[in-house]
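Below is one structure; the comments refer to it alone.
What follows is calculated from the coordinates using simple rules that are stated; it is not laboratory data. This is a predicted model, so every value here is computed, not measured. All Cβ positions, glycine included, derive from the backbone under ideal geometry; neighbour counts span all protein chains shown.
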Amino acid sequence: MKLISAYTDAKLFYLIKKGDKDAFDCLYRKYWPLLLDQAYKRLKCKEEAEEIVQELFINLWINRQKIHLTHSFSTYIATALRYKVYNCIRRNIIRENYMEAIVQREPPFSETVQESVLFNDLHDAYQREIENLPEKCRKVYTLRRHENLSFKEIAEKLDISVNTVDKQLVKALKRLRERLKDYHSSIPFFCFYLLTAAYVFLIGK
């Protein structure tokens, strides 16, 4: 009997649609390292990359009967990964826009003394981490977040590629998120709800 590992991707996916877990495991083992490598190159975070690829395969199995390939399986799975990576970056930018907006606002009059102290500590920590960013990251982040320049305008101003702008911004946001993570749970949820909607328009400029 022909070993399942010798089957083509198309044959394996056909079997997956029939509920064959061995076929699923075969494609999983074949594409996992490739997809993880691509996700990591874009996100620069192993945990996020692993989570995205795992979610990708879970969705593949759950929705296997609804998926109809118009191209090769490799094209389908690579495209699906790009969408997930994009959405992950988009969520991260929304969170950072929210954090930045919070630290730049005056504390509401109803805050307690403890909340006011926390706000001031967060503001100081944010400013300190901005200054501690690597030079290129700091320049890109400052031009993007404080001067509201587009990716193209930043690239022209710093004489770098748009892709480099994108990567440096992701790097800056990741570092700020990690360094300020202890403050996230201390900010009222309703502020997140209101400010997220207000700052979505900044994404993708």
### Task
Starting with the highest mean, order 77-83, 51-57 by the number of other Cβ atoms within 10 Å, averaged over the residues of each peptide.
51-57, 77-83
### Message
Only four residue types carry charge here, +1 at the Cβ of Lys and Arg and -1 at the Cβ of Asp and Glu. Report the dipole size of segment 1-67 about the Cα centre in Debye, rounded to the nearest 20.
### Response
320 debye
### Query
Pairs 30/171; 41/136; 17/84; 84/167; 11/46; 46/66: which exceed 24 Å Cα-Cα?
30/171; 11/46; 46/66
#### Entry: Inter-label distance for residue 71 and residue 34, nm, one decimal - labels placed 7 Å from Cα along Cα-to-Cβ
1.3 nm
### Message
Give me the extension gain from residue 25 to residue 61: residue separation times 0.36 nm, minus the current Cα-Cα distance, reported in nm with one decimal.
### Response
11.9 nm
#### Entry: Stretch gain in nm, segment residue 44-residue 128, where the contour uses 0.36 nm per residue and the Cα spacing is subtracted
28.0 nm
